[in-house]
Each structure stands twice: as structure tokens, then as C-alpha cells.
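Quick notes on the structure that follows.
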Amino acid sequence: MAQIRIENVRKEFGAFTAVQSSTFTIEDGEFFMLLGPSGCGKTTTLRMMAGLELPTSGEIFIDGEEVGMKPARQRDIAFVFQMFALYPHLNVGKNISYPLISQGMAKLEAKKKVHEIAEILGITDILDKRVGGLSGGDRQRVALGRAIVRDPKAFFMDEPLGALDAEFREHMSEELRALHNRMNATTVYVTHDQLEAMQMGDKIVVMNHGVVEQFGAPQDIYDWPATKFVAQFIGSPPMNFLDFDASVSEGSTAVTLESASIEVPETREGASGAITLGVRPEHLSLDDSAAYRGRITATEYLGTTQIVTLDTANGELKVRMSSEEDARVGDQTGITFDPRTISLFNSDTGQALRSAANMEVLAYG
Amino acid sequence: MSFSVTEPTKGTKWFSGILVVIYAVITIVPLLWIIATGFKSPADSIAYPPVVFFEPTLEGYVNLFTDRTRATAEMLEEAGPPQTWYEEIARERGTVISGPSRYGERFLNSVIIGFGSTALCMVLGTAAAYAFSRFRVPLKDDLLFFILSTRMMPPIAVAIPIFLMFRNLGLNDTHLGMILLYTAVNLSLSVWLLKGFIDEIPMEYEEAALIDGYTRFQAFYKVVLPQAATGIASTAIFCLIFAWNEYAFAVLLTSGTAQTAPPFIPNIIGVNGKDWPAVAAGATLFLVPVMVFTVLLRKHLLRGITFGAVRK
């Protein structure tokens, strides 16, 4: 088990830069998510950590040792591939024991170990089967078995649930998390699914275009996104953005939109020009007496909640509220904002402005 | 009534069945004719109208494997009564066996050259295909096209330069020369075929092996090769069939020590000119190794070993 440190790691494929100078630390025993849209460099980052790609520059430390240029077999890590990559010419038991045999473990001992692992994963009954005929979930378990059998320093998983059915994915993600809690091994998990990342991760790195956008605990990232990209990528529906022109000075506690004053957490940074106000749908409510106005254009019924879409002078707003409340398409209504949860962004750079509320979170990433 | 788009109807089943039978008959009749001719007497073999039912004889095979001379009275006296069944067959034609023919040697040459070039071709082809498939090779596409282009003209078009090169290098009529030549001709095909097969093997297998503690070469050897077995087997069959059947270069470049069976067989001369039963016998035996090889590798030709291990 080990801490993993990534320092200024950069990867170029010819003229294309896949990862630009990433730096972050994964603490010992953490379930760590690399999150981002496809092509953002998350898989490349993971592959560099595993030794399947060599970084163009930068350093990778596993357990305090610099391994950036070392071949994968010398890093003592395990990798679970999205497509499982079970050896098709071997049966389940042999697939799991493969890494042990390669380390020169005696056959008998390896067999014992395989049984131990099969017990944990609940696959003792299929040890003699060929991998070809297995269900997706069993294949996934075998792939996990092959990873954990060796007691590596860290587990790397590249969208391990991506190839499973939605229903089963839920189940498997719980199983994975339980397995992690049991083994308490440092795990780095790549996914493009923000729900999966929020649900399973202790920490999340959000990447986009090869750049680390934010790094932190799921709740912090959700509440206090460092950039507009993060705000939009995480959450469903994503954070609402209202664009306006203003000059915000350090220490202000309200902004003015369409002559309506909206309270915001005390700013610690001033800005002027194009500014975006960001607010999560669940932090808005409809109140006919409120000064800020909008027109309801659509409602989506989701069971206990509903998503109401409003057209405002500064852009579209989605409000998540109880299904019991009344909302009719076409109505003009007022909107109130929960003042504690608002983020302000510089529209041009996409960066969040520092405020009393997000200072701590932003200092982290 | 259920109706399925993929399930053939009875009519199409019959139709396709009949087509297959017709095709099988067309291809197999000449083969059966050759095999039958091997057991005919010389007279039956050239009889017109052709005889389908005849009294089988091993004369063709005896003639194939032996050299005979016309027996004079004193020779017969000297040799005494025939000792063996094949001696007896030769005597019936008024000849005595003077020694073994060179068919055995030629056959062995074919085996050495055919299997030798196939093996070499597989080693080089697999290595090249793996490199083209996995590594960033500079000018990859151009190189691959160049390799393919060597196959665009009939090999015999360069017979004269090759003949001159072989003469200067002292490769004329040597096993090594023929192995190199057939390998060179087959290599382009095998690189292309094998590259296709290796491309289909997901990289993840090797990467998994690399992480599981193997070196790149071990990963290639232990993970890629077993999975490419299907491709290697079918490519090997193609290479072997070419090298085994090749006639033109064999006629041109071999005459003695390294002569293969194809140029030898048609030149088997019997008592009255061409000995067709012996030629047919030679051709029949010549079919056997390729058939055995194909049957042995048949199970590898069946796809499905890798099916399902990677979800696509």
C-alpha cells in the first residue's frame, strides 16, 4: 500500500499534448477517481502511473520511489482493464494465478492463494471454467481477482464498469467499494461517469483537455467547483449559469442582476467585466414575490422531484423542487437564490472567484 | 407461422446443399482420377474410352520407386526367381529392378524446402507483423505497401535476375537457396495476413501481462503467440501449399541435389515413354504431406478460441 505522487507530469503524442503538467497526490488507502470527458487525458495519466506509457516529462512517485521511467513489471501495481483482458487461452483459476506464477510462486501455494481470493469474490465455483463463456460480471470479478491476488502497492482501474449493463454496474460498484474498504488499498479509478465518481470516490480529480481542473473530495467539488467546466460536468442537471456584466469588488456580499440584488458569499477577490453566477438547481426556489423574474418554459417530472426550466434575462435556469409544488409552463414567476451556495466565475477564464465560502476548497486544488 | 430473416428456408437449404455437392464433385473428380490412375496398368491408364472399373495393380508405385532395366535372358538367370512382390511385378513386364529411383530423395527435398521455408517465413512474418501492428514504425504505411507490392507481379517474372543472382552466389540447386527463395516470395503474404490477425488481438492482453510481471518479449511469447495460433496456422498452410506446389522456379533452379518433387514427377519415364500410372502414383503420394499438415492444423483454423474473452 502506498502513496502516489504525480508531479508536473506531461505527455505528448507527436504534436498532440494529451496531459499538460498534472500535479496531485493520492494518499495511502484512498479510493481516488480520475474523472473527465473522453479524450481529457485521464486514461493516459493512469497508464503513465502504471508504466504502460512513459511520461514526456515529470515525475511519478509510488511509495516515495520515482518510477516514471520504470517498466510496468517493476512497479508492483495491478491494473484492471475496461475490457477485462482476461487471457482467453487460460481458465479462470489460471488467469488469477498468472501474476503469481510470473513472480515465481510455487504452484501449490499459488493455488491456495487463488482459492482465498475466489472465496472473497464469490467465484470458487467457476475456477475451472474457460473465461469465454462467463457473464460480464463474472469476468469482471476474475479481472479483479487477478489484480488483488498479488497484494500490489496500488490498484489501477480503467473504467472497469464501463462494459457492464447499467443495472449490474450499480451492484458491481458497491461490490468494488466494499472490496476496497476491506483491503484498504490505494485505488486509482478512471471514469467519465460523474455519478460513479461521486458515489465511490474518496477524492476526485477532474480533468479536461489534459489539464487538471480541480482536485478534492466529492462534496467540495460539487459545492465549490473551481471552474465553469467542473460546475457543468458534475451534477445532473449541471450547475446553472447566469451571465452578467458587473464590477465586483473584494468584500462584497451581493451582486445585482437585472436590478435585482442577489446575496452571495463574501467575495475575497474582485473582478469586473463579464461575470457568471453559478447556482445548483436544488438551491433555487420559486417565489412569486422575489425580485428576480423568469418564465417557465418546461417541467420535467422525476418522481419525488421535478426539474423546472425557466427563461430569464441572463440565461436559462433549471430549478429542482418538490413535485408537489405547482409550476405551469408559461407562467411568470420570481426566483430566490440560496445565498450560501452561489459561486461567481470570471466568464472569460472560467475560473471561480474566491469567496469566504470556497476559499478553503480552492486552496486545495 | 414464425418467420425469421436469418433462418434459411427449406428451399434455400436444398439449393445451397446442391451447389456445394456440385462444387465438391467438380473439385474432387480429377483428384480421384489421379488416385485411380496410380493403381491402373499403363494400358488402362491411356485406354480410350477411359476405364472406370479396372483391375488394380501396384505397378505404378513399383515403377515410381525403382529404376528398372530391360531383362535379358542371362540377367534373369543370374538373378534367379523373384524374391519380393515388387520384383515379381517388374518381371511381369520383362524388366529387372536395378535400384531405387530418386523419387524418395526428391520427395525429401520437397519436405525440407517446403517446411523449411514455411517455418522461416512464420518466424520472420510473425516478428514483422507484430512490429507493424504494435510499434510506431517510421513510414509504416509505405513499408507495408512496399512489402505487398513485391507480390504484385508473378514471381516468375524475375526468374532471370534470380537465376543470375543464384549462380553468382552459388545458391543454384541448393536447399538453402530454395528455402530463401520461397521464403522471400511468401513473406509479403504472411506479413499481411499475420498483421491482420495480430491487430485483432487486443493490446490489453500484453499490457496485462506486462503489469503481471512479464517482459515485453515474454508477453509476446506467452500471450500474443498462443492467441495468434489460429492466424499462424492458416498462414503456414498458405505458405506451405505455395512452396510445396511451386514448379517453375524448381525447374529453373534445381536439377540434382535440391530438386523438389514437382519437376521430377512428370519426367518419370516408363517402358513405353511416359509411365502415367507412376506419374499418378507420384502425384498421389505428393498430396499426402500437405493434407496431413492441413488436417493437423485444422483445429486451429476454427475460430473462436478468443471469442468472448474481450467484450467488443
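Selection of region A:316-335 for residues being β-branched (Val, Ile, Thr) and under 29 Å from the mean Cα position of the chain (by Cα) yields only A:VAL319.
Consider region A:332-353 and keep the residues that are among the charged types (D, E, K, R) and at pLDDT 90 or above. The one that is farthest from A:VAL206 (Cα to Cα) is A:ASP338.
Across region A:225-278, the number of residues qualifying as part of a loop (DSSP other than H, G, I, E, B), under 17 Å from A:LEU317 (Cα atoms) and without any contact (Cβ under 8 Å) to a residue 24 or more places away in the chain comes to 1.
Filtered by the rule that a residue be surrounded by fewer than 24 Cβ atoms within 10 Å (Cβ to Cβ) and in a strand (DSSP E or B), region A:10-25 gives A:ARG10, A:LYS11, A:GLU12, A:PHE13, A:PHE16, A:THR17, A:ALA18, A:GLN20, A:SER21, A:THR23, A:PHE24, A:THR25. Among the residues of region B:91-136, which ones are part of a loop (DSSP other than H, G, I, E, B), more than 26 Å from the chain's Cα centre (by Cα) and farther than 21 Å from B:GLN218 by Cα? B:ARG93, B:GLY94, listed by residue number.
For region A:76-103, the set of residues classified as closer than 19 Å to A:ASP151 by Cβ, more than 7 Å from chain B (Cβ to nearest Cβ) and either touching a residue at least 12 places away in the same chain (Cβ under 8 Å) or acidic (Asp, Glu) (or both) consists of A:ASP76, A:VAL80, A:GLY93, A:ASN95, A:ILE96, A:SER97, A:LEU100, listed by residue number. Within region A:251-281, restricting attention to residues that are crowded, with 16+ Cβ neighbours inside 10 Å and either outside the structural domain of A:ASN358 (by TED's automatic domain parsing) or of a type in the set (D, E, K, R) (or both), the residue that is modelled with the lowest pLDDT is A:GLU269. B:SER101 meets each of the listed conditions (1) out of contact with any Leu (no Cβ under 8 Å at 6 or more places or on another chain); (2) at pLDDT below 90 apart from (1). Regarding A:ARG340, is this residue part of a strand (DSSP E or B) and of a type in the set (Lys, Arg)? No, not satisfied.
Can you find a residue in region A:342-358 that is of a type in the set (Asp, Glu) and either surrounded by 14 or more Cβ atoms within 10 Å (Cβ to Cβ) or not assigned by TED's automatic domain parsing to the domain that holds A:GLU250 (or both)? No, because not a single residue in region A:342-358 is of a type in the set (Asp, Glu) and either surrounded by 14 or more Cβ atoms within 10 Å (Cβ to Cβ) or not assigned by TED's automatic domain parsing to the domain that holds A:GLU250 (or both).
Screening A:PHE79, A:PHE84 for residues that are of a type outside the set (Gly, Ala, Ser) and in a strand (DSSP E or B) leaves exactly one candidate, A:PHE79.
Results for (1) hydrophobic (A, V, I, L, M, F, W, C); (2) surrounded by 22 or more Cβ atoms within 10 Å (Cβ to Cβ), shown as yes or no for each residue.
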position	(1), (2)
B:ILE211	yes, yes
B:TYR214	no, yes
B:GLN218	no, no
B:TYR221	no, no
B:LEU240	yes, yes
B:ALA243	yes, yes
B:ALA248	yes, no
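Being in contact with a helix residue (DSSP H, G or I) (Cβ under 7 Å, 6 or more places away or on another chain) and crowded, with 19+ Cβ neighbours inside 10 Å, is that true of even one residue in region A:292-303? No, region A:292-303 contains no residue that is in contact with a helix residue (DSSP H, G or I) (Cβ under 7 Å, 6 or more places away or on another chain) and crowded, with 19+ Cβ neighbours inside 10 Å. Of the candidates B:LEU76, B:LEU64, the single residue that is among the hydrophobic types (A, V, I, L, M, F, W, C), under 24 Å from B:VAL96 (Cβ atoms), buried (at least 19 other Cβ atoms within 10 Å of the Cβ) and in the same structural domain as B:ARG93 (by TED's automatic domain parsing) is B:LEU64. The set of residues in region A:312-331 being part of a strand (DSSP E or B) and exposed (fewer than 13 other Cβ atoms within 10 Å of the Cβ) consists of A:SER322 alone.
Selection of region A:106-143 for residues being under 28 Å from the mean Cα position of the chain (by Cα), part of a helix (DSSP H, G or I) and of a type outside the set (Val, Ile, Thr) yields A:LEU121, A:GLY136, A:GLY137, A:ASP138, A:ARG139, A:GLN140, A:ARG141, A:ALA143. Among the residues in region A:58-70, are any more than 14 Å from every other protein chain (Cβ to nearest Cβ), surrounded by fewer than 16 Cβ atoms within 10 Å (Cβ to Cβ) and in contact (Cβ under 8 Å) with a residue 40 or more places away in the chain? Within region A:58-70, one or more residues are more than 14 Å from every other protein chain (Cβ to nearest Cβ), surrounded by fewer than 16 Cβ atoms within 10 Å (Cβ to Cβ) and in contact (Cβ under 8 Å) with a residue 40 or more places away in the chain. Is it fair to say B:ASP141 is more than 14 Å from chain A (Cβ to nearest Cβ), on the phi > 0 side of the Ramachandran plot and either outside any helix (DSSP H, G or I) or at pLDDT 90 or above (or both)? So B:ASP141 does not fit the description; no.
If you take the residues in region B:206-259 that are polar (S, T, N, Q) and part of a loop (DSSP other than H, G, I, E, B), which one is nearest to the other protein chains (Cβ to nearest Cβ)? Once the filter is applied, the top-ranked residue is B:THR215.
Based on this model, can you work out whether A:PHE244 counts as among the aromatic types (Phe, Trp, Tyr), buried (at least 20 other Cβ atoms within 10 Å of the Cβ) and in the same structural domain as A:MET321 (by TED's automatic domain parsing)? Here the answer is no, as A:PHE244 does not meet what is asked. Scan region A:217-226 for residues that are surrounded by fewer than 22 Cβ atoms within 10 Å (Cβ to Cβ) and of a type outside the set (D, E, K, R) and the total you get is 4. Going residue by residue through region B:67-84, is there one that turns out to be touching a residue at least 12 places away in the same chain (Cβ under 8 Å) and either of a type in the set (Phe, Trp, Tyr) or on the phi > 0 side of the Ramachandran plot (or both)? The answer is no; no qualifying residue exists. Condition check for A:LEU164 on (1) away from chain B (no Cβ under 14 Å); (2) farther than 26 Å from A:GLN103 by Cα; (3) not charged (D, E, K, R): one failure, at (1).
In region A:104-139, the residue that is nearest to A:PHE81 (Cα to Cα) out of those that are surrounded by 15 or more Cβ atoms within 10 Å (Cβ to Cβ) and within 10 Å of chain B (Cβ to nearest Cβ) is A:ARG139.
One line per residue, one yes/no per condition, for (1) at pLDDT below 90; (2) assigned by TED's automatic domain parsing to the domain that holds A:LEU164; (3) of a type outside the set (D, E, K, R):
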site: A:PHE61; (1), (2), (3): no, yes, yes
site: A:LEU86; (1), (2), (3): yes, yes, yes
site: A:LEU90; (1), (2), (3): yes, yes, yes
site: A:GLU116; (1), (2), (3): yes, yes, no
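Scanning region A:175-187 for residues that are aliphatic (A, V, I, L, M), farther than 24 Å from A:THR25 by Cβ and in contact with a helix residue (DSSP H, G or I) (Cβ under 9 Å, 6 or more places away or on another chain) turns up nothing.
For region B:39-90, the candidate set comprises residues that are in a loop (DSSP other than H, G, I, E, B) and of a type in the set (S, T, N, Q); within that set, the residue that is farthest from B:TYR103 (Cα to Cα) is B:THR72. Here the condition is being under 13 Å from A:LYS42 (Cβ atoms) and under 11 Å from the mean Cα position of the chain (by Cα); of A:ILE221, A:ILE204, A:ILE234, it holds for A:ILE204 alone.
The values are calculated or read from the model by the stated rules, or taken from the named source; none is laboratory data. Keep in mind that what you see is a predicted model, and the values were worked out from it rather than measured. Virtual Cβ from ideal backbone geometry, glycine too; neighbours counted across all protein chains shown.
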